[in-house]
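Where a number appears in this text, it was derived from the coordinates with a stated rule and is not lab data. Since the structure is predicted, the reported quantities are computational estimates derived from the model, not experimental observations. Methodologically, a virtual Cβ is constructed for each residue, glycine included, from the backbone with ideal geometry; neighbour enumeration extends over all protein chains shown.
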Amino acid sequence: MEYVNINSKNEWYKGQISNKVRHGMGICKWKDGTLYIGDFTKGEVNGYGIQLVPKDYKMPYCEGCIVYVGNWKNGVKSGEGTCYNKNGDVIYFGNFENNMPTETYPTKEDFSTYQFSLIEYDGGNKYLGETNTGILDGYGIYVWANGDLWLGNFKNGQRSGVGIYMFYNAEWVTLNYKDDNCIQISSSEEKRDIDNYNKAARAQTFQHILGLATEGASTIATGVSQIQGLKNSSNINSEVNSGGSTSGGVTNSSGGTSKNTNTSNNKQKADCGQDWITDSRTYSGYDDQLVQMQTYPEKYDNYASKFSDIQSKMRQIRQKWEARGCLITKSPRE
């Protein structure tokens, strides 16, 4: 877990960050022991998630509740949600507004098959979240013994819908599961590639603008020199009169403008081209395949051979662009 608020050091956070604030999916623990697992927007608890409170802590407006799973808006319960007691049993399912339940609390409906559970498996894997008749069903977090985790929805024991797979080393992949299919939405490596490309593009644009500004300033300087020369006809500068170089060294002897060699080189270096973008996406696609293979190795014949073959292809792509001076961030799975 990492400090987000360094000054007060009252909270710890692991998850997606944008512009140095919590944004996306993650896990946050406050100093009082309250734990939140779910969505954030611009630093605030927003979207869908789980709140667990410590022993003897009273959750506002929800007597006997120690776990809330549902919708949030600006840090308070808002929309549909479920409250669970210390035994993991449902005590309320319904709507919330301004942090308060809007229907009869506790509920009179029978939700006896649903629970909020902590399940520990042989080998060290763990699950914390909603279940139905003992099967993973609802929202929860599954943690592997090696430190990787999945945060998202489950249905009939399988991952379902959009969630985030977070690796022990802080890399992440956002995935969307539908039946047996899995589609990648985004990844930490893809985000870095996009950020790096945008930085390079901004640098290229800046160099181009700088070049235009230099040319413009030189043109103005030349014009001023020519006007001054006309005012002092007895002392006309022969270089200006003939269209030669000014002290800025930008105009040439024919009155044209010379190229800024450094700017040209910087532009060429900064712009790795469309092929680099295509290969970066291919590299990221291979990495997604490795994630799926690691997640469901039983689905792949000759698992080790196929895994090694994809690693080799990724290595070839990355080393090719490194030799050209255009980096592709190395995946820990390569």
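Data overview
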| read-out | value |
| --- | --- |
| Cleavage-rule hits (trypsin sites (Lys or Arg not before Pro)) in the range 37-92: DSSP loop, at most 15 neighbouring Cβ within 10 angstrom | Lys42, Lys55, Lys58, Lys86 |
| Gain in span if fully extended, Asp32 to Ser305, counting 0.36 nm per residue against the direct Cα distance | 93.4 nm |
| Out-of-range pairs (alpha-carbon distance over 22 Å; input Lys31/Lys126; Lys178/Lys299; Lys14/Lys306; Lys191/Lys330; Lys191/Lys299) | Lys31/Lys126; Lys14/Lys306; Lys191/Lys299 |
| Rounded FRET efficiency, nearest 0.05, which uses the C-beta distance separating Gln294 from Glu322 and R0 of 22 Å | 0.30 |
| Extension gain from Arg281 to Ser186, taking 0.36 nm per residue of separation minus the Cα-Cα distance | 33.1 nm |
| Positive-end residue of Ser284, Ser308, Cys272, charge dipole of the range 272-334 with Cβ unit charges | Cys272 |
| Candidates per GluC sites (Glu not before Pro) in the range 94-183, loop by DSSP, up to 13 other Cβ within 10 Å | Glu103, Glu109 |
| Chymotrypsin sites (Phe, Trp or Tyr not before Pro) lying in DSSP loop within the range 116-175, provided at most 12 other Cβ fall within 10 Å | Tyr121, Tyr168 |
| √(5λ) per eigenvalue of the Cα gyration tensor, the range 87-131, largest first, Å | 28, 13, 6 |
| Two-site FRET efficiency, Tyr121 against Met100, from Cβ-Cβ distance with R₀ of 35 Å, rounded to 0.05 | 0.40 |
| FRET efficiency estimate (nearest 0.05) - Cβ-Cβ, Lys58 to Thr107, R0 25 angstrom | 0.85 |
| The range 2-179 - convex hull of alpha carbons, volume per residue in Å³ | 126 Å³ |
